[in-house]
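J.: Pasting a structure here, questions to come.
What follows draws every value from the coordinates through simple rules; no lab data is involved. Given the structure is predicted, the values throughout are model-derived calculations rather than measurements. FYI the Cβ positions are ideal-geometry reconstructions off the backbone, even for glycines, and counts take in every protein chain you see.
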Amino acid sequence: MKEIKILGAGISGLTAAINLAKNGKSVKVFEIKSCVGKGTHPSVNAFVGNGIAYFEEILKKCNLSDLEYPKNEIKKIRIVTKNNDVVFDDYVKSYLVTRGKKNSIEYNLYNLAKKYGVEFEFNTKLKEHDVDIVATGPNKSDVVVYGRVYKNTSFPKDQIIVVRFDKYSPNGWYMYTVPHENGNVEIINCMATRHSNNAKKLFIKAIEELECFKTSLENAEQLYEISGFGNVKYPKTCVIDGRLYVGEAAGIQDVLYGYGMHYALLSGKIASDSIILEKHYDDMWKKELSFEMKKSFAMRFIVSLFGNKIADMYITQKIRGSNNIGEKIENSIINNKYILEVLFRLELLKKKITGEW
Ligand SMILES: Cc1cc2nc3c(=O)[nH]c(=O)nc-3n(C[C@H](O)[C@H](O)[C@H](O)COP(=O)(O)OP(=O)(O)OC[C@H]3O[C@@H](n4cnc5c(N)ncnc54)[C@H](O)[C@@H]3O)c2cc1C
């Protein structure tokens with residue numbers, strides 16, 4: 001039986017490997033680092049959607065119902081905008097995913113892959129043209145992230161904070177805090193690549209100026225920095241010379257918020273299904289992912305046009321319980337395929353002209 005070779009032991013590569021092995025294929029994963037999870041800082045990420053139930057739904061879709069995972073769901077979210085500072089008790093239920101260390105999603109996927117007989121080679125020198133699936137993560141920077149992990153903070157441990165200020169996260173991007181299970185807290189700022197040289201400065205300005213950070217960091221000690229970048233595009237094809245590109249190696253990411261984990265899981269599953277079913281990968285991922293991706297491009301076009309003013313307005317109306325214009329815009333995009341297509345194409349054009357999302 002031909003061995004299927006996968007480059008990269010991140011979320012997308014491991015998902016593809018497990019699904020192939022469960023379907024009787026012989027699989028080997030080649031990872032450049034010395035173990036899984038080393039490509040990511042020890043951190044905690046939020047899974048898109050409505051809490052743990054949505055995470056489980058995606059796992060089921062990805063043939064991963066037997067994956068072990070901690071039940072780490074947070075219901076409280078504090079949102080800080082120019083005119084609002086409000087805590088919602090059950091607005092977005094965030095499912096928190098540990099990354100890059102023991103008990104992380106990568107480690108648990110790795111253990112499952114080994115259970116199904118997937119072989120691994122670490123410190124590999126293999127190149128893309130030697131493999132069947134390329135799962136090597138972002139290879140260029142469209143969005144940058146800078147943050148820090150602190151201990152001894154007084155942030156509430158049952159809450160995440162989202163901060164929407166263009167002054168610190170220009171063009172409608174955002175900052176957030178996430179509590180770690182050991183009591184540490186990470187603060188992250190996301191922005192377009194143009195601001196990468198200023199990323200640290202903008203972060204420091206925000207934590208020094210904003211009350212929501214200042215008070216909770218009074219006696220805190222900085223442990224380490226987190227930096228990274230995201231590769232986002234709407235790929236014309238994810239197949240090059242017969243190789244299948246998955247996750248961020250393909251640019252399959254969420255251009256609105258950077259929620260890439262579910263796309264990594266889903267694209268890994270779809271690529272492996274295309275091998276198992278001998279169907280064309282491009283047809284399959286476009287059918288499954290294109291609507292959600294296009295929606296995020298369309299929404300990013302609107303958000304970058306108005307900046308975080310739109311988030312401020314959205315929250316003000318949410319508090320008042322009035323007819324929410326943000327929800328109206330979102331619904332009109334979802335319900336009208338022509339509007340969706342136009343805004344999606346405008347965002348692609350904007351990226352061509354300005355060089356950024
Ligand atoms: C700071 C930060 C915060 C984030 N927060 C969130 C969040 O809150 N929620 C969310 O959903 N998403 C988040 N993301 C995005 C998410 O992490 C990615 O979209 C997701 O990890 C992509 O998975 P992947 O498998 O495509 O790539 P990766 O997870 O990057 O895995 C790629 C793997 O390939 C290996 N590799 C690289 N090059 C080679 C090579 N040449 N040969 C062999 N192996 C190679 C790497 O070492 C790594 O193990 C965040 C990203 C960053 C940087």
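J.: Give me the one-decimal nm value for the distance between modelled label points at Leu349 and Glu218, 7 Å along each residue's Cα-to-Cβ direction.
T.: 5.3
J.: What FRET efficiency comes out for the pair Glu181/Ser141, r = Cβ-Cβ distance, R0 = 25 Å, nearest 0.05?
T.: Efficiency for this residue pair is about 0.25.
J.: How far is it, in nm, from the label point at Ile339 to the one at Glu3 when both lie 7 Å from their Cα along the line to the Cβ?
T.: 5.3
J.: So how much slack lies between Ala53 and Asn198, counting 0.36 nm per residue of separation and subtracting their Cα-Cα distance, in nm?
T.: Length gained, Ala53 through Asn198: 48.4 nm.
J.: Next question. What FRET efficiency do you get for Lys127 and Cys35 if R0 is 22 Å and r is their Cβ-Cβ distance, rounded to the nearest 0.05?
T.: Efficiency at R0 = 22 Å is approximately 0.60.
J.: Could you quote the convex hull projected area for the stretch 143-228, Cα atoms only and averaged over all directions, in nm²?
T.: Result: a mean projected hull area of 5.1 nm².
J.: Next up: Of Lys140/Lys279; Lys38/Lys205; Lys28/Lys125; Lys287/Lys328, which ones are farther than 23 Å apart at the Cα?
T.: From the list (Lys140/Lys279; Lys38/Lys205; Lys28/Lys125; Lys287/Lys328), the Cα-Cα distance tops 23 Å for Lys140/Lys279; Lys38/Lys205; Lys287/Lys328.
J.: With each pseudo-label sitting 7 Å past Cα toward Cβ, what's the Lys102-Ser154 distance in nm, one decimal?
T.: According to this spin-label approximation, the distance is 3.3 nm.
J.: Round to the nearest 10 and give me the degree value, 0 to 90, for the angle of helix 51-61's Cα axis relative to the longest principal axis of the chain.
T.: Once rounded, one gets 20 degrees.
J.: Find which of Tyr95, Thr136, Ile79 sits farthest along the positive direction of the dipole of the stretch 59-137, computed with +1 on the beta-carbon of Lys and Arg, -1 on that of Asp and Glu, about the Cα centre.
T.: It is Ile79.
J.: Now, a different point. Using the Cα centre of the stretch 293-354 as the reference point, and only Cβ charges (+1 on K/R, -1 on D/E), how large is the resulting charge dipole? Debye, rounded to the nearest 20.
T.: 180
J.: Projecting each Cα onto the charge dipole of the chain (Lys/Arg +1, Asp/Glu -1 at the beta carbon, about the Cα centre), which of Val27, Ala199, Leu343 comes out farthest on the positive side?
T.: The one lying farthest along the dipole's positive direction is Leu343.
J.: With +1 on each Lys and Arg Cβ and -1 on each Asp and Glu Cβ, how big is the dipole of the chain about its Cα centre, in debye rounded to the nearest 20?
T.: 480
J.: Past 26 Å, Cα to Cα, is the threshold; run Lys71/Lys295; Lys22/Lys236; Lys114/Lys294; Lys151/Lys201; Lys33/Lys75; Lys61/Lys286 against it and keep the listed order.
T.: Those over the limit are Lys71/Lys295; Lys22/Lys236; Lys114/Lys294; Lys33/Lys75.
J.: From the gyration tensor of the Cα coordinates in the chain, what semi-axes in whole Å does the equivalent ellipsoid have, largest first, with each one equal to sqrt(5λ)?
T.: Computed over the chain, the values are 33, 24, 19 Å.
J.: What is the magnitude of the charge dipole of the stretch 1-146 about its Cα centre, with +1 placed on the Cβ of each Lys and Arg, -1 on the Cβ of each Asp and Glu, and no other charges, expressed in debye to the nearest 20?
T.: 200
J.: Ok, one more. For the stretch 63-168, which GluC sites (Glu not before Pro) are in a loop by DSSP, counting at most 11 other Cβ atoms within 10 Å?
T.: Glu68
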